[in-house]
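Participant: Take this structure, written in structure tokens, and hold onto it; I'll ask about it next.
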Amino acid sequence: MKRYTVLDLATFSDDRGSLTVLDNVLPFPIARTYWIYGAGGQTRGGHRHHVTRQALIAISGTVSVYMDDGIAQATVQLDKPNLCLLVEPKDWHTMTFGENSVLLVVSSHHYDRNDYIDQRYD
């Protein structure tokens, strides 16, 4: 049983390059978008949420995302800009960044520190 969803986003390529589209594929409305960069060799995250859902896309480089939903654990390698990992509120996650990586994060809710759960599953 597959526990984590990775979307293969529509990509259009020709001699001029590639264009990847994030359009009408997320299972939530977008409230917040941000990106993390300059974190090569670092691990960030280490939390889950009460309500926020997220979509993670490594638009440059490689980001390894460790996921734990309290039942199963997995590491998802985001190494192509057309791969989009859905992170549900229950998913405790960390992101480990390769050199020169840029991670785009799309969230279902605006930032609220009270939505964060920093404690791992036992």
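Participant: Using 1/(1 + (r/R0)^6) with R0 = 30 angstrom and r between the beta carbons of Tyr111 and Ile59, what's the FRET efficiency to the nearest 0.05? Numbers along the way, then the final one.
Facilitator: Details: r = 21 Å, r/R0 = 0.69.
So the FRET efficiency works out to roughly 0.90.
Participant: Springs between alpha-carbon atoms under 10 Å, Gaussian network over the chain: tell me which of Asn24, Asn82, Asn100 tops the mean-square fluctuations.
Facilitator: Asn24
Participant: Near Gly40, within a Cβ-to-Cβ distance under 15 Å, what is the net charge of the other residues, with Lys and Arg +1 and Asp and Glu -1?
Facilitator: It works out to a net charge of -1.
Participant: Using θ = phi - 60° and the Karplus relation 6.51 cos²θ - 1.76 cosθ + 1.60, list the HN-Hα couplings for the stretch 76-82 in order, rounded to whole Hz, with x at every Gly or Pro.
Facilitator: Per residue, the Karplus-derived 3J(HN,Hα) values read 10, 8, 9, 9, 9, x, 9 Hz.
Participant: Taking square-rooted eigenvalues a ≥ b ≥ c of the alpha carbon gyration tensor, is the chain rounded, prolate or oblate, where a/c under 1.5 means rounded and, failing that, a/b exceeding b/c means prolate?
Facilitator: In terms of gyration-tensor shape, prolate.
Participant: Please list 3J(HN,Hα) in residue order for the stretch 9-19, calculated via the Karplus relation 6.51 cos²θ - 1.76 cosθ + 1.60 where θ = phi - 60°; whole Hz, with x for glycine and proline.
Facilitator: Along the stretch 9-19, the couplings run 6, 4, 10, 10, 10, 8, 4, 8, x, 10, 10 Hz.
Participant: Additional query: Residue-wise, which Karplus ³J(HN,Hα) couplings in Hz belong to the stretch 42-58, taking 6.51 cos²θ - 1.76 cosθ + 1.60, θ = phi - 60°, and x for glycine or proline?
Facilitator: Karplus values, whole Hz, x for Gly and Pro: 9, 10, 10, x, x, 7, 9, 10, 7, 10, 5, 9, 9, 10, 10, 9, 7.
Participant: Assuming R0 = 22 Å, what is the FRET efficiency of Leu19 and Gln42, from their Cβ-Cβ distance, to the nearest 0.05?
Facilitator: The pair Leu19/Gln42 has a calculated efficiency of 0.15.
Every read-out reported here was derived from the displayed coordinates using simple, explicitly stated rules and does not represent laboratory data. All values derive from a computational prediction rather than experimental measurement. FYI the Cβ positions are ideal-geometry reconstructions off the backbone, even for glycines, and counts take in every protein chain you see.
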